[in-house]
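Attaching a single structure in structure tokens format; questions to follow.
The values are calculated or read from the model by the stated rules, or taken from the named source; none is laboratory data. As the structure is a computational prediction, the values presented were derived from the model and not from experiment. Ideal geometry is used to build each Cβ from the backbone, glycine not excepted, and the neighbour counts take in all protein chains shown. We work out accessible area using only protein heavy atoms, side chains counted, and drop any ligands, DNA or RNA first. Shrake-Rupley method; radii C 1.70, N 1.55, O 1.52, S 1.80 Å.
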Amino acid sequence: MTRKLYWEDAYVTEFDARVTSAAGAHAVLDQTAFHPRGGGLLGDTGTLGAVKVLDTVKGAEDSVVHVLESASPLEVGSQIHGVIDWERRHRIMRMHTAAHLLSAIFHKETGALITGNQIEPEKSRIDFSLDDFDREKMLVYCNQANEAVAKNPPVKTYFMKREEALKIPGITKLASVMPPEVKDLRIVEIEGYDLQADGGVHVKTLGEIGKIEPLKFENKGKSNRRMHFTIP
Ligand SMILES: [Zn+2]
């Protein structure tokens, strides 16, 4: 198991760790601030010592695997200094938190279910299932999201017992896909707007998003809709 420094503090940009396994271009550390790919989020990039980290993925036994640019020159047992590409990661945190907020507002206003999302540093998208497709309304919801950003509520993360978390309306659909052996679910709460079981990285307050700019609304079939957005 890798200690997940990004869960303790999503703002850790540099850290020291010990190499616990190194095979080919893959390295595992005893702890890391690199967030792995998953849940619509890209994996972090940066450096471990002098070596570039091109991607970060989930590994076996709750480990985090750093994908290096070349076959691993890291020695098992050695100490290493990790640095995250913070500019990229911070944009991902802002984009991802914006996706939470938009999803919560769309769901509240229309009952739409979120079927997927892809968060990238420059542009992101959310897919949702909704029969009625009205661009004007979509823009109204985006404005509501920006009003929420301007109010700057805190974004909190904490762990909750699985049984307790599953009682919260709206959380069930997401939480139910978590493997049953996960006893404590990590909760992300945008105070007053959204509560979800989620393992991602988020900003501390909504104001940090700045502004959500809708780019395009697409019809992807009978009831599949896609919204593209960015944050300037
Ligand atoms: Zn999240």
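Take every Cα pair under 8 Å in the stretch 73-232 that's 6+ residues apart, average their separations, divide by the length, and report that relative contact order as a whole percent. Write down the numbers at each step before the final one.
On the way: 257 pairs, mean separation 45.0, N = 160.
Taking the mean separation of contacting Cα pairs over the length of the stretch 73-232, I get 28 percent.
Still on this model: Cα axis of helix 135-151 to longest principal axis of the chain: angle in degrees, 0 to 90, nearest 10?
On a 0 to 90 degree scale, this one is about 60.
For an R0 of 25 angstrom, estimate the FRET efficiency from the Cβ-Cβ distance between Glu87 and Arg37 and round to the nearest 0.05. Walk me through the numbers before you get to the answer.
Numbers: r = 18 Å, r/R0 = 0.73.
Calculated value: 0.85.
Can you list the lysines whose alpha carbon is less than 22 Å from that of Lys4, not counting same-chain residues fewer than 8 positions off?
Partners found: Lys52, Lys58, Lys156, Lys161, Lys183, Lys204.
For the stretch 94-232, what is the accessible area per residue in Å², given a 1.4 Å probe and the full set of protein chains?
50
To continue, here is another question. Once you place label points 7 Å from the Cα toward the Cβ at Glu218 and Asp131, how far apart are they in nm?
With each label placed 7 Å out from Cα toward Cβ, I get 2.5 nm.
What is the mean projected area of the alpha carbon convex hull for the chain, to one decimal in square nanometres? Present the calculation step by step, with values, prior to reporting the outcome.
On the way: hull surface 51.3 nm².
Mean projected area for the chain: 12.8 nm², to one decimal.
Can I ask one more? Compute the acute angle (0 to 90°) between the alpha-carbon long axis of helix 86-110 and the principal axis of greatest extent of the alpha-carbon atoms of the chain; round to the nearest 10°.
Tilt relative to the chain: about 30 degrees.
First compute the accessible area of the chain with a 1.4 Å probe, then give the percent of it belonging to carbon and sulfur atoms. Walk me through the numbers before you get to the answer.
Working: 5880 of 11330 Å².
That fraction is 52 percent.
Also, quick follow-up: Among DSSP beta bridges whose residues both lie in the chain, state the antiparallel percentage, nearest 5.
Values: 53 of 56 bridges.
The antiparallel proportion sits near 95 percent.
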